[in-house]
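Okay, structure first, notes after.
The values are calculated or read from the model by the stated rules, or taken from the named source; none is laboratory data. Computed from a predicted model, the values in this text were never measured in an experiment. Please note: Cβ atoms are built from the backbone with ideal geometry, for glycine as well, and neighbour counts cover all protein chains shown.
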Amino acid sequence: MILQAENVTKYYGEFRALHDVTLGVSAGEFVSIIGPNGAGKSTLLNLLTGLARPSSGTVRFKDRDITGIGPVKLAKLGMARSFQLVQIFPDLTVRETLQAAVAARLRRGRRIFASLRGDRDIRDGAEEVAALFGLDAKRRALARELPQGDKKLLDVASAFALRPEIILLDEPTSGVSTADKTRIMEILVRAAKTIGLQAIIQVEHDMDIVFGFSDRIVALHQGAVLADATPREVQADQRLVDMVVGRRRGASA
Amino acid sequence: MRQALVLAVALAAVVAVPWIAPIYHVLLMLPFMAYGVVLLGLNLLFGYTGLVSFGHALFIGLGAYTAAFLTGLFKVRALEVILLTAAVVAAVVAMPVAAFCVRYVKIYFGMLTLAFGMVFYTFLLKFYRLTGGDEGMPVARPFLLGRDLGDMPKIEYLAGPYYYYSLVVLIVAIAVMWRIVHSPFGLCLKTIRDNPAKAETLGISVPHYRWTAFVISAVYAGVGGALLATPTGNVDPTLAYWTHSGNLVFMTLLGGFASFFGPLVGAFVFIYLQDFVMSVVPYWRLVFGAILAALVIFAPGGLLGLFPRRRVIEAA
Ligand SMILES: Nc1ncnc2c1ncn2[C@@H]1O[C@H](COP(=O)(O)OP(=O)(O)OP(=O)(O)O)[C@@H](O)[C@H]1O
Ligand SMILES: [Mg+2]
């Protein structure tokens, strides 16, 4: 078990966003978290990535308690993530964005007087990820000038550039056309193999994507785990599918 | 290529100024060069890290008073030693101040730096036994490269050796800052400016970088302040007053914080425009303010923002 949440509960004031969730992810798994809006998916991801502290319960990554540890330490431990709302560096180019991630991974960010251009490791690392994600043709473009789909891709690519052991993605394909969704997912899976990623956890609304790519599906509903099963099992349970996809929203942020 | 050409022409012009320009304008170049050093540092914080300080006059003051103390009280006259000491003093003061300030961002950061600046200003004013209070302290003429130029007429000293000394300091400051902003460290600063939350998920420890950028900028302000002290002749607390900090921010905005050389252009235009307006109209502050406001409104990216920018940072 590489990542494990045990009996985590999260309150926002009086409101219980997550209730007694237990979830383990093993090496080699691609896990999708599904559920209607407000089910607590993003909250769960924030707890799993140590960004928020659970009201009770623990989160362990590689047998280490990471409850509320914060993103910086977690990145160094080998966990990367992306957010539901696309996060980019608007005034940096695609290449600079990836270089920053590689520099951070190589712990070279504190080299104050070194030449960035002259650093082959950083340059090659960034080029490699750009190629992997099909962004090489756009590496000189500013992030803010990219189309929405490429912004998402760059966001995820910079997480991959950290060469993490595990990656957690909050709706990596939201706001992207259906055709692009499949493309992005295929890129993701290929990139995961290339960098030797151990596990992917994603939140996803599109059930075609979920069924097509996951090894396991965790269905959340009103803050509780409704099901933790294989795609085949979930697919067979029409009542469950209706419940979690019930109030589906259209393309959103 | 084009940028290199512009730079070469600008450098040649600055080198030629003492030979071709009236002495009055030559002397105006001295504060320009001193402020140039200050603003290079300030812009590491502003343009590259996204933090606007309203208290950097504090470090100018530290540098200038360091020069006054060393040349007066301690009889240390070598400018090399003075600049180095100013850098160290600024760094030592900046370390705790930065540790405190960088925990906040935006207006809160600005207000905190302002507060620290005011504390220092008050200190200079109240501890008059040490600092001369509002009368300030004289700065004795420093030796340059070990040479005592005490026999030279003052104007000749300032417009000759001191001018070129300042220019070399400015060029070194530019070269070092160029290196810094084009380093992996500089890139990390830009990620923090653009999106600190995202930077953290990449494992970039935001406070640490902000702290380092702050200390570097303070060192630049200290050195610039020490350089400014000699042409000023007498350092007083207004050097550390908050309006002085405000002018620094203004010069940066005027030239354009988004480009490396923007602040230098801003300092140049600010100083010469101020001088020009002062000499031709009676209510010069009013007119000067209006001109600056108009420039910021019509050129929100600063003067350098008016030129179509190829990706200078990327291409470099
Ligand atoms: N910071 C917060 N303060 C208060 N309530 C919050 C906060 N964050 C989330 N919530 C509430 O907790 C519940 C779960 O939110 P969460 O963002 O985890 O849902 P989600 O499953 O990711 O939904 P979506 O599909 O819309 O992204 C929602 O009802 C939300 O309003
Ligand atoms: Mg969500």
Next item on the list: Output the number of residues of segment A:75-85 satisfying the condition of being surrounded by fewer than 24 Cβ atoms within 10 Å (Cβ to Cβ) and not aromatic (F, W, Y).
Entry: 5
Check: Do any helices (runs of 4 or more DSSP H) entirely within segment B:1-102 hold 3 or more residues that are buried (at least 24 other Cβ atoms within 10 Å of the Cβ), and if so, which?
Finding: B:23-46, B:57-71, B:79-101
Notebook entry, point to check: Within segment A:37-109, which helices (runs of 4 or more DSSP H) (wholly inside it) include 1 or more residues that are within 16 Å of ligand 2 (Cβ to nearest atom) and without any contact (Cβ under 8 Å) to a residue 60 or more places away in the chain?
Noted result: A:41-48
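Residue-wise test of (1) more than 16 Å from ligand 1 (Cβ to nearest atom); (2) hydroxyl-bearing (S, T, Y); (3) touching a Ser or Thr at 6+ places or on another chain (Cβ under 6 Å).
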{"site": "A:S177", "(1), (2), (3)": "yes, yes, no"}
{"site": "A:I184", "(1), (2), (3)": "yes, no, yes"}
{"site": "A:L197", "(1), (2), (3)": "yes, no, no"}
{"site": "A:E204", "(1), (2), (3)": "no, no, yes"}
{"site": "A:M207", "(1), (2), (3)": "no, no, no"}
{"site": "A:S214", "(1), (2), (3)": "yes, yes, yes"}
{"site": "A:V234", "(1), (2), (3)": "yes, no, no"}
{"site": "A:M243", "(1), (2), (3)": "no, no, no"}
Notebook entry, point to check: Of all residues in segment B:5-50, which are over 20 Å from the mean Cα position of the chain (by Cα) and either within 28 Å of A:P90 (Cβ to Cβ) or aromatic (F, W, Y) (or both)?
Noted result: B:V6, B:W19, B:Y24
Next item on the list: Starting from segment A:224-253, keep only residues that are more than 18 Å from A:V25 (Cα to Cα) and surrounded by fewer than 11 Cβ atoms within 10 Å (Cβ to Cβ), then list their pairs with residues that are modelled with pLDDT under 80 and not hydrophobic (A, V, I, L, M, F, W, C) whose Cβ atoms are within a distance under 9 Å, requiring at least 6 positions of separation or different chains.
Entry: A:A253/A:G175
Notebook entry, point to check: Just one of A:F83, A:F15, A:F89 is within 11 Å of ligand 1 (Cβ to nearest atom), of a type in the set (F, W, Y) and within 14 Å of chain B (Cβ to nearest Cβ); which is it?
Noted result: A:F83
Next item on the list: Answer with yes or no whether A:V8 is more than 14 Å from chain B (Cβ to nearest Cβ), surrounded by 15 or more Cβ atoms within 10 Å (Cβ to Cβ) and within 16 Å of ligand 1 (Cβ to nearest atom).
Entry: yes
Note to self: For segment A:93-119, give me the residue count where each residue is within 7 Å of chain B (Cβ to nearest Cβ) and either out of contact with any helix residue (DSSP H, G or I) (no Cβ under 8 Å at 6 or more places or on another chain) or hydrophobic (A, V, I, L, M, F, W, C) (or both).
What the structure shows: 8
Item checked: Spans of helices (runs of 4 or more DSSP H) in segment B:128-234 with at least 1 residues away from every other protein chain (no Cβ under 12 Å) and at pLDDT 95 or above -> B:163-181, B:206-232
